[in-house]
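Just so it is clear, none of the values below were taken in a lab; they were calculated from the coordinates. As the structure is a prediction and not an experimental result, all values here were calculated from the model. So basically every Cβ, Gly included, is an ideal-geometry build from the backbone, and we count neighbours across all protein chains shown.
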Amino acid sequence: MGAASQGEGTSIPSQIADQLRGREFRNFRALREAFWKAVANDAELVKQLKRQNLSAVVNGKAPYVKTSDRAGAAIKFELHHKVYVSKGGAVYDVDNIAVVTPRRHKEIHRVEE
């Protein structure tokens with residue numbers, strides 16, 4: 001998730017996107033939880049996480065970011081719509097979603113305002 005603090009963040013890995021693509025979610029929270037649980041089940045992605053974050057992702061919660069990547073009270077990785085929903089971007093399209101740090105997410109939206 002190293003690229004999550006740069007540019008548009010890091011795209012959802014293809015092996016995770018393939019698991020989520022075509023599924024229906026009752027709301028964005030359900031998609032977010034399914035995403036993190038899928039990350040928890042991927043041996044390669046789990047290696048990128050610190051031990052204290054494993055229980056979070058297993059339970060469908062986002063892992064914590066480094067202190068330098070936080071933005072106020074926002075302290076966990078976030079999912080960002082590359083094409084904003086307000087500009088016609090699809091809410092549940094995994095190809096339209098990137099993983100970003102809170103700090104980077106705030107910077108992206110500040111530039112776009």
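Would you calculate the separation in nanometres between label points at residue 83 and residue 49, each defined as 7 Å from the Cα along the Cα-to-beta-carbon direction?
Taking the two extended label points, one gets 3.1 nm.
If we count every other residue with Cβ under 14 angstrom of residue 59's Cβ, Lys/Arg +1 and Asp/Glu -1, where does the sum land?
+4
If you take the beta carbon distance between residue 67 and residue 21 as r and set R0 to 41 Å, what does 1/(1 + (r/R0)^6) give as a FRET efficiency, to the nearest 0.05?
That gives a FRET efficiency of 0.75.
So what's the net charge close to residue 35: Lys and Arg +1, Asp and Glu -1, counting the other residues with Cβ under 14 Å from its Cβ?
Neighbourhood net charge equals +1.
Of the options 12, 96, 39, report the single residue whose Cα projects farthest towards the positive end of the charge dipole of the stretch 2-112 (beta-carbon charges: Lys, Arg +1; Asp, Glu -1).
The residue sitting farthest along the positive end of the dipole is 39.
Would you mind calculating the gained length between residue 90 and residue 58 on full extension (0.36 nm times residue separation, minus the Cα-Cα distance), in nm to one decimal?
Net length gain for the segment: 8.9 nm.
Could you list which residues have their amide H under 5 Å from that of residue 76, counting only those 5 or more apart in sequence or on another chain, with H placed in the peptide plane?
Those lying under 5 Å, H to H, from residue 76 are 65.
Pick out, in residue order, every one of the trypsin sites (Lys or Arg not before Pro) in the stretch 28-63 that is DSSP loop and has at most 15 other C-beta atoms within 10 Å; say none if there are none.
Sites meeting the loop and neighbour criteria: 47, 50.
Using helices alone, I'd like the mean residue ellipticity at 222 nm for the chain: each DSSP H run of four-plus residues gives -39500 (n - 2.57), total over residue count, nearest 500.
After summing the helix terms and dividing by the residues of the chain, the value is -10500 deg cm²/dmol.
If you place +1 on the Cβ of every Lys and Arg and -1 on the Cβ of every Asp and Glu, how big does the dipole about the Cα centre of the chain come out, in debye to the nearest 20?
Rounded to the nearest 20 debye, it is 460 debye.
So, counting K/R as plus one and D/E as minus one, what does the shell of residues with Cβ under 12 Å around residue 25 add up to?
With Lys, Arg at +1 and Asp, Glu at -1, the neighbours total +2.
What is the ratio of the Cα radius of gyration of the chain to 2.2 N^0.38 Å, with N the residue count, to two decimals?
Rounded to two decimals, the normalised Rg is 1.01.
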